[in-house]
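Down below is the structure, laid out as structure tokens.
Every number here is computed from the coordinates shown, using simple stated rules; none is lab data. Worth saying up front: this structure is predicted, and the values here are computed from it rather than measured. Here Cβ is always computed from backbone atoms with ideal geometry, including for glycine, and neighbour counts include all displayed protein chains.
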Amino acid sequence: METEVIFLCSYGGQIKFHDGTNQHMYEGGKNKKLRVRSSINFNDLIAELADNSGTADVAYFEYQIPGYGLETLVSVTNDRDLRNLMREFDPNIPDDVKRIFLFPEKNPSPSPPPPQRLERVDSPLQVAENASELEAVAGPRVNHVVHYLMLVSAGLLFTAVLLFLVPFVFTLQPQNHSVMVVNDDLKSTGTIAPLGSDDLDDQSVSDKAAAVPSPYIRDDDDLVQQIVEDVLEKKNQYCKSKA
């Protein structure tokens with residue numbers, strides 16, 4: 001005699017874990033009972049489940065093992081799995097009900113990962129060769145630029161030093177003029193008085209220069225003439241600065 005079995009079909013919801021009860025529970029969806037003959041095959045049962053739930057995309061279902069929670073479900077995807085499920089029914093228990101959970105897709109495949117940007121990775125040897133080539137090409141140019149920058153820096157530094165020293169050179173006032181008189185056997189220094197007055201003329205300068213003792217003056221007219229010209233030039237510079 002062919003028997004019938006009863007399924008409690010749950011669909012449209014989700015199995016979630018609750019921290020408060022520390023158990024998995026089925027949330028949302030609907031529940032319906034379905035009575036079928038125990039000899040039904042898998043495809044016919046799927047059709048019955050789709051018709052009973054009103055969803056045409058039922059692909060497989062899972063059932064709960066007696067004494068276990070919803071975290072341990074057994075999938076039924078073919079006739080062999082269905083035969084094992086039918087053996088779970090106890091004919092001595094009237095109205096024995098097995099709870100099953102319907103799923104729309106059979107073995108859903110994971111969604112493909114988003115395309116990643118592919119980057120070219122060179123081998124260490126190739127990277128080293130490229131670095132050597134780059135150094136060989138760019139090395140002379142870099143050295144040339146460094147040399148040019150050093151020259152420019154030196155020029156700027158020299159210009160800055162000149163600009164710093166020029167005002168001090170022009171502010172210096174002549175105090176005295178020393179004439180080095182060289183003899184073959186004696187070296188001495190003769191001092192001419194500072195050019196401090198405006199009435200100092202060329203004749204007085206010549207007289208003072210001629211007043212140097214003759215033993216200490218070298219018999220060299222060019223030397224004397226050079227000394228006189230230097231003194232006159234200093235005198236003219238002093239007069240111009242006072243004007």
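Observations on the structure shown:
- Within the range 60-90, being more than 16 Å from Ile6 (Cβ to Cβ) and part of a helix (DSSP H, G or I) holds for Asp79, Arg80, Asp81, Arg83, Asn84.
- Scanning the range 44-59 for residues that are closer than 19 Å to Phe89 by Cβ and in contact (Cβ under 8 Å) with a residue 12 or more places away in the chain yields Leu45, Ile46, Glu48, Leu49, Asn52.
- Looking only at the range 2-59, residues that are at positive phi and outside any strand (DSSP E or B) come to 2 in all.
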